[in-house]
1. Output the direction-averaged projected area (hull surface divided by four) of the convex hull of the alpha-carbon atoms of the stretch 330-591, in nm².
2. Arranged from highest to lowest average of other beta-carbon atoms within 10 Å per residue, in what order do the peptides 234-246, 390-402 appear?
3. If one computes the Cα centroid of the stretch 244-258 and of the stretch 145-166, what distance in Å separates the two points?
4. Just to be sure I understand the model, the point goes 7 Å from the Cα along the line to the Cβ. What's the resulting residue 215 to residue 489 distance in nm?
5. Roughly speaking, what is the centre-to-centre gap between the stretch 62-87 and the stretch 329-400 when only Cα atoms are used, to the nearest Å?
6. So if we plug the beta-carbon distance of residue 153 and residue 81 into 1/(1 + (r/R0)^6) with R0 = 22 Å, what FRET efficiency do we get, rounded to 0.05?
7. So what's the angle, to the nearest 10 degrees on a 0 to 90 scale, between helix 250-263 and the longest Cα principal axis of the chain?
8. Go ahead and run the numbers for FRET between residue 99 and residue 193, Cβ-Cβ distance against an R0 of 25 Å, rounding to 0.05.
């Protein structure tokens, strides 16, 4: 037994009359029942299992006072704090400066308690919750809604959440509106103070806390996991172990992990066994398990691990070799642009590739060709277009595939040979659309982009995906004046998506003009417009420059461009290749 565990045992042994040890539980006469005017002798039980998470937690079997850990016992018994295990005279408590309203709704809460009907009591009984627990938590009924009172740290209640017992989404806040804001929406918040230097459970949903209270465990709850984003981590500064359990769904689990990242290693996330239904929760577990519910919860707690934002060494090992193995497959090998010299220069389309160029250099045309050709080979491609419009992308693709000029394509006035080419291109186009998506959403966000990627990977049953952004400077920003920081923020997100979702990016960027307003400088990283982060984020930075002086062009079919690799993490910079525009078919041909 550690020195602290021994000190806790000695503390309770000294302060409890008629105490005796029963395995890992210390029992003694409750010193608080007489103060509450309760007749007879009630027992106070203390967990003294030095290996247990709730070592030192006491509770009265008569429920005369809320349970807690040694410092809370000292407060209730008016003992000397300095003689209490875990007391730290130098501990600085972050004071919560709160001006509570003058008027409380304590009396209303009492009247709601008195309104509990047998039907509502039976409703809670389905999940093992008995009336003494409802009384402890001051839960009531207003005739239509169950009333969950939100007592604050000063011991008074100013608001209550009223919930339809049959439809949890039907609820409203009763009481002082100023106290119904997020910072006051922690149910049973006083248990945080009672559990200093001990363990506490944080639940999603008030009803899910109640089966734990029936077990005699301390805990708090928020009515929705979205509130995890607003909880100050300092709330749990003096809790030794914080268990968090949410409903069985990905959204709640992600929010729990985000909160755990802010609080630290003291958090232990309780995970649901594989195969549980979506949104399964403690209320349903208590209903299904009945008297076996405590054993099921204890098992989940024992199987929990101290939270870490890092993957385990075993997972890192497996992930690395899984990635190596996947790069041997056809899906990875298929990530080619279709241009021989470009694919040789970059070893395919991988990572974040930023393509810059002056206006009308053919950047979009080039990317449409690369993206649609990859999709024709079965590579999932999402084309985020803020320049051309869906119809133009599709029309130019059909023109290039069929080698039929645009006006003829619209009129459908084909020769026999053109009809054959059109029919072949039409079939290729339909097949291409199985792997090609155009998105014009001006409200795009990184989270939406991640969902799009998940969808196309699921729909195509492919591990790897290509995302084309046309263009970086047209991405949505909250404030146009913050475009520079907005671009950098998007680039940071692209890095994360690249690593987590097996995504290759092809990103079109604008260039800055030279000293005399031209775009004829020797390609270098400094000519990319509006962001200093491109040089840090891009795996490859390329520039597409017109290969012919505009004054020398006598026909649009004379247009050509040179593609330069300006900077790369793994490849040598230099001229990649020259490309000839095949007008009027909206395609580039790589020149030898």
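1. Working: hull surface 58.3 nm².
For the stretch 330-591, averaging the hull's shadow over all directions gives 14.6 nm².
2. On the way: 234-246: 21.2, 390-402: 18.7.
Answer by packing, highest mean first, reads 234-246, 390-402.
3. 23 Å
4. 4.1 nm
5. 68 Å
6. Values: r = 19 Å, r/R0 = 0.84.
The formula returns an efficiency of 0.75 here.
7. 70 degrees
8. Numbers: r = 19 Å, r/R0 = 0.77.
Approximately 0.85, to the nearest 0.05.
Only the coordinates and a few stated rules stand behind these numbers; no lab work does. Everything numeric here is computed off the predicted structure, so don't read it as measured data. Positions of Cβ are generated from backbone atoms using ideal geometry, with glycine treated the same way; all protein chains shown enter the neighbour counts.
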